[in-house]
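Inspection log for the structure reproduced underneath, given as C-alpha cells.
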C-alpha cells in the first residue's frame, strides 16, 4: 500500500509535464466569432434579431452570469423576437456559478471547439481583463445603437460593454449621535466598518486598487485637507510612511493618501459574509454608530418593524457636509464567448439588454443599478422614478431610498469607478502589497 | 464412489505453517477423524478439502476429480465439490425457519419439485428428530436442536462426503454423548464418507474408523483408533490419546541380548523384553537414515526461491513425568542410552506379588472403575482398577506392570521403538 | 489430466486456470472491478488537482511571476511556502485547521461518548427521546448551528455588527473569544459530529459483554480502573473511527469557519483562489495529505487488533449503572436542555425566521406586537420585487423551490442507492478477503474520498468534468460526485456488519451450491438488514443537506442546498430558513419511515 501510494504520487508529479505538451496556446488570427461580431457591430437591433431568429430558432440558449436576472431577461428577449417571427421559439438555461467559479468554468469551456455558453454577464473587471480578455476567451461586442447613444462609434470604442453600473455606498446607522462627514472618518481610530471580505468578494479588492488611481487618490487628498488638525495628526504618520511605497509602485503624487486609506481600512474593517447581513445589521436600532460599505440596493429588502427601519441608516454621500468618496461603482459586463454556439443570438440578446428599456427591465426595476446606455437609463428612470423611491403615497418616508442617479453619483457622489485595465495593471503591485497587510480580527483587538 | 486423496498439501500464512506437507488418503465410506490439539491445522485441512480454504500448494482429489492442484492452477470452488459441511457453530441462517433452512439448498438444485422437496425435508427432519420444530426460527431452538437442524440441512442434498467441524463441541456432556452415538448410526445408515474434526480424543476414539492425528501442521499418525492407542508412533500421540493419560517412565540402559536392561524410577533395575525382537543398533541405524533422507528432502525444498522457513518450528514433544516434587527435576541433554517407557494406566496391576512397593497417593472411584495414583519414591504413576474397589490413602501396596503392551520410546527422537513387557 | 502439454501451453493453461478460479469467487470479481472504479474516482481528481498546482493560470500570481500565460512551473510551491505572506496564506490556516480538527474530535468524542455511555449503560430517564434528538445537529446543515450561535451571542459592543438575541433581549454580552473564531468553531463542529461518536461508541457499549466489566468488578477493581483498563480499550476502535470521521470532515468544513470568522485551509482556499489559483490547489493537496495521514495513523493503531470479532457475549445483558433517584432525572434534564439548544432551538428559530419581517428581526419578542410578524414568505403567490421578495414567489408557490426539492430528492436517492450498493459490495468483498492486499487497497481507496475535503473533491470533479465531457450543472455530475464521496459511509457500515457475520453462515450456503446472488439477497442482506439500510440512509441524509460538495458543481437552482445558499447570499433568510426546515422535516420523515419499514435507523448508523 505504501509503495503503491509512493508510485501513484510520483506518477501524479510526472503527468502534468507530459500533459504540458498537449496544452494549447491562444490563437492570434481572428476567430469565427470575432468575424461575426465585426459584422454585427454594423447592424441595427432589428437586423440582429433577424439573424438571431435564423440562427437559433428551436434551439437551446445557454447563458452564464454573476447576476441571476439573465434568466428573467431572456424570456422578454424571446418575446421580442416573436414579434418579428411569431413562430420563433427558444429553449434557454441560465446558470449562476458560485464564488469565483465563473472564471474557472469559462476557462474550462474555452478548451472546446464549440462551447456551451453563447454569452456571459460577468463582473470583476480585473479578472476579466487578465483571465478572460487577454487569453481570448471572451469577445466584446458593441451594439450599434448603444455606441450611438454614447456618442461613439462601435469599432473605435475601447473597453468592455457594461450592462449596468452597481454602486456600493457608505451607509451608517443614525440612531446614535455620531456622524460621518468625511471618508477618513471610516478609517479613524477604533472605527470598524462592516464590509465583505476582500478575499471573498473580489470586486471589493478592485475598489481598493482603484483608489490608487490619480483621480480617486485626489478625492482622498482633498477630503484629507478638510480634516481638522487633530484628525490629520492621527493619519499623517501612516501617510508619510507610505510615501516611499507609493513611489515604488509608480503611483501619482497623492498615491500615499490612497495607500494609507487602504492600509487603515484593511486593518479595521469588520468582515461580514454578505452585503445583505450588513444592511440588516445597520438598520437595526441596536447598531448604534455602526457603518459599512455595501450595495445600495440592499436597502430595498428592509421591511419596517419595531427594531429595524430604513430610517435608522443614512447614506453618507447624501449628507450635506460630507467630504470625499461616496462609494464604489462596478460594472456587470456583457461578453460573447469566443467559441459561442449561437453568436448572432448572443449579439442580439446583448444589444436588446443594452439598447432597450424592456431588455434592461430585469435590473432596472431596482434602485442602485444604472444602465450604461444613457437613453435606456433615462427611459428606465422615467418608468420607475427611483429618485423618489423613498416616497410612499406621495410622502417622503424613506429619504435614503431616493436614488440620486448615476450622474449624481459619479459627480457629486464621488463614486470610485472600476477601471478593468487599471486594476489589472496594479494587481501585482498594489494588489500584492494589500495581501501583506494585517487584517482586522476582533479577537486580537480585545 | 469418492475416495479423497491429499498429496503434499501445505497451507501457510506468511511463515506460519498451518498444514505442513500433508499426505492423506480417506477411503470411501470411512469415518475419519482429524484429531489434534487446538490450532494444529485440523480444521484448516478439512476446510481445504471442502474448498473453503485454498491450499498454498499440493493436490486434492475427490473421487476421480482433481479439485485442487497448485501446479496446474486447478481450484474447483466449494460449491462444485458436492460435499456436505457441518459447522462448529451450526451456521444456521437466522432469518429463515428450520424448514426454510433445510429446503433452501434443495430449491436451488432445481431437480426437485416442491412436493419432493417437502418429502426430503420431512424425511431428514425425521432422521434427526426435529419434525416438530420445522416452523421455528433457529433462535427459538436449544443448542442440541440447532445442531440437529444443521445436520438435517447438511444431509438433505445427499452429499457423497460429509465434513464435520467439531460439531459437538457446543453441546453439554450428556447431549454430546447422545449425539455421538447418533452420528455413528447416521454414518452407518447413510453409508457416506464422514470426515470429522475434533480435539476430543474420546470422540475420535469412539467414532472413527481411522484417526488422523495432527500436531503443528504435521501428520503424526494415521491409523485405526486402537492401533493409535496401543502402538502410538511417538510420545506425543501416546500422550494425547487415552484418558487417564499414559504414564511415562524415564529409563536408562543398554540392550542385552534382545531384551533391554534399564534403571528406572531412580534406582530400580528392570528388564524390558520386546514383543517382537528388535535390535536397537539396527533400529537406530534405520532411524538415522530416515532422518538424513528427510533432511535432504527439506534442503532440496529450501533451494526453491519461494520456500519459506517454517516459523512455527517442529520440536520433540516434551513429555511429562509425574512426580510428587517437581522442583528437583533436571533436564539433561538426552543420550542414546536414554529411553522412555510408556505405561497405560490399565497396565499397572495392584497385586500382592507385585515387585514394586508403592503408596496410595490418591484414589478416585467412579463405581465402574477406580483411578489410583501410586507413589513410588518421588514418582507418581496412574493406574486403573476395574470394579468398585476402595483404597485407603497412604496405605502400602505392591504393584507390577502387566501385559506385553508397554511402549519403549527413544528419548532423543521421541519415536516408538517397540512394545513389550517390563519386569522390575 | 493430460500431461502432454508443451511447457508453454501448460503454463498458459495454468495461468488461465488460476484466473478462472480467481474470478469464480464473486468477492474477487467485485474487488477487481471496485479497484478499477475507485482508483479512477479517487485518483483522477487527485491527479487533476496536483496538475493544477503546477499549471500556470493566466491572470494569477504564477503567470505574473513567470511572465508566461501557459505551461507548467513550480513557482506556486516556492511562492506559497517561502513568500513573505506564507504565514497568512499557509502556516496560520494550517495550524488553525489542525487545532480545529483536533478540537472538534475531542469535543465530539467527549460529548458523544459520554452521551453514549449515559444512554446505553445507565438508568437515565428519557433515553428514547434523547437518543432521537441527539442526532439532529448532524441532520441539519452544519452552518445552521453557526448561524444560531451568531444570532444568539453577537452584540454591537463586542462583535460590532448588531445585537443578537442575548444582547438584544437581556443585554448580556459574551466575550469575543466566545462569539467568533476558534472556540465556537470547535464547539459547533464538535456538536455537529458528536452523533458520529454517539453512534459508533454507543454501538459498542450496547453490544459489549457486561461480563467483561463484571469480571473486573468481581475482582474488586476500582471503578475508574475498570473504565481505563477494560472499558476504554474496548471502545478504542470506535474512538479511532470517530477520530477518522470527525477529523476528516472538520478539517474540510468550509461554512462553519467561514461564518464564525476563522481562517482555515478551506476558507483560505476560497479566499486566495482568484489570485493564486495554483496555490489554492496546493492547499487542497495539503488537506488531502492530512486526510491520508490520519487514515494511515488510524490503520496503524488498529493493526494490532487483527480480529474484529464482535464484542458480544452470551449473557447479552449489559449491566446498568444506577445514577441514583435524583441523578437519573437531573442528568436527563441537563441533557434535555443541552439538546434543546443544539437540536430543537435551531428548528424553532428556522420556523420563527420564516415569519420575521427582516432576517434576525426579533422585534416581536420585545413587543409582542403581531405587526412584527408576516406570512408573506410563505404565501406570496406572485412575483414581487419589493418588500424584500426579490421577485420570488412565496415558498409555498415557488416552483423553483419545489423543483429544487425534487432535484434534491433525486440526487439523494440516486446517491444513496449507488453508494449503498457499491459500499455494501465493497464491505462484503473486503470482509471476505480481509488478509489480501487487494482488499486492503480497495478499502483504503474507497475510503479516501471521505477524507478529502468536500471542497477539494468538488473542485477536482469540476476540473475533470467541465472540459472533456461537460456534465456541469447536471444531476449526473452531482450523483457521481455524491456517490464517490459517500461510498465510505456505506462501505464502513457494511464492512463492520459483515465482519460481525460469521463466515460460516455464507459457507454453509456455498457448500450447498447456492448461487452468489441468492446468498446475498436471501441470506446476508436480510441478516444484516439494519446496518446495510444505515449504509443507504446515511448517504441519503448527508446528501440531502450537502452544500460544500455540490456548490461548485451546479448553478443555484438545481437542488435545495444550493438554493439555500443562494437565498442566504441574497439575504432572503426567510427562504433559506424555510428550506432548512423543509430539509429537516424531510429527513425526519424519511428516518421514521425507514425505521418503521426496516427497523433500521440513523442512530444505529455506521456502528451497525
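Derivation of every value follows stated rules applied to the coordinates shown; laboratory data play no part. These figures come from a predicted structure and were not determined experimentally. No Cβ is skipped: glycine too gets one built from the backbone with ideal geometry, and neighbour counts run over all protein chains shown.
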Completion exercise
The rounded separation in angstrom of the Cα centers of the range B:240-319 and the range B:177-204 is 33
Handout entry: residue A:153 paired with residue B:369, simple spin-label distance in nm, labels 7 Å along Cα-to-beta-carbon
Key = 12.5
Completion exercise
Computed from every Cα-Cα pair in the range A:205-341, P(r) in 10 Å bins starting at 0 and rounded to whole percents is 10, 32, 30, 20, 7, 1, 0
Completion exercise
Here FRET efficiency (C-beta to C-beta, residue A:397 to residue C:417, R₀ 60 Å, nearest 0.05) is 0.60
Handout entry: Within 10 Å of each Cβ in A:307-314, the average number of Cβ atoms from other chains
Key = 3
Practice task
Rounded to the nearest 10 degrees, what's the angle between the helix B:114-127 long axis and the longest principal axis of chain B, both from Cα atoms, 0 to 90?
Solution key: 20
Exercise for the section: May I ask you to compute the full-extension gain from residue A:214 to residue A:83, defined as 0.36 nm times their residue separation minus their alpha-carbon distance, rounded to one decimal in nm? Expected result: 42.3 nm
Fill in the blank from the handout: Here the tail fraction of P(r) beyond 23 Å, over all Cα-Cα pairs of the range C:392-608, rounds in percent to 51
Completion exercise
Taking R0 as 51 Å and r as the Cβ-Cβ distance between residue B:324 and residue B:57, the FRET efficiency 1/(1 + (r/R0)^6), rounded to the nearest 0.05, comes to 0.55
Exercise for the section: Report the residues of the range B:215-242 in range of a label on residue B:15: point 7 Å along Cα→C-beta, backbone N strictly under 20 Å from it. Expected result: B:216-218
Completion exercise
Largest fluctuation, A:141, A:428, A:207 only, Gaussian network model of chain A with Cα springs under 10 angstrom, belongs to A:428
Completion exercise
The rounded separation in angstrom of the Cα centers of the range B:1-35 and the range A:77-135 is 74
Practice task
In vacuum, with every alpha carbon of the protein assembly as shown counted as one equal point scatterer, what does the Debye formula give for log10 I(q)/I(0) at q = 0.04, 0.05, 0.07, 0.08 Å⁻¹? Two decimals, please.
Solution key: -0.38, -0.56, -0.89, -1.05
Problem - In degrees, nearest ten, helix A:374-384 long axis to first principal axis of chain A (Cα) - result: 70
Problem - Spin-label model distance (nm) - residue C:369 vs residue B:5, 7 Å beyond Cα toward Cβ - result: 10.3
Fill in the blank from the handout: Each label sits 7 Å from Cα toward the beta-carbon; between residue B:175 and residue A:438 the label points are separated, in nm, by 7.8
Exercise for the section: May I ask you to derive the FRET efficiency for residue B:309 and residue A:31 from their Cβ-Cβ distance with R0 = 56 Å, giving the value to the nearest 0.05? Expected result: 0.20
Handout entry: Extension gain, residue C:12 back to residue C:402 (0.36 nm per residue minus Cα-Cα distance, nm)
Key = 134.4 nm
Practice task
Find the centroid of the Cα atoms in the range C:219-265 and in the range A:376-446, then give the distance between the two in whole Å.
Solution key: 48
Practice task
Please average, across the residues of A:104-116, the number of beta carbons from any other chain that are within 10 Å of each residue's own beta carbon, and give a whole number.
Solution key: 4
Problem - Between 0 and 90°, nearest 10: helix A:202-211 axis offset from chain A longest Cα axis - result: 60
Completion exercise
With only helices counted (DSSP H, runs n ≥ 4, each -39500 (n - 2.57)), the per-residue ellipticity at 222 nm for the protein assembly as shown, to the nearest 500, works out to -15000 deg cm²/dmol
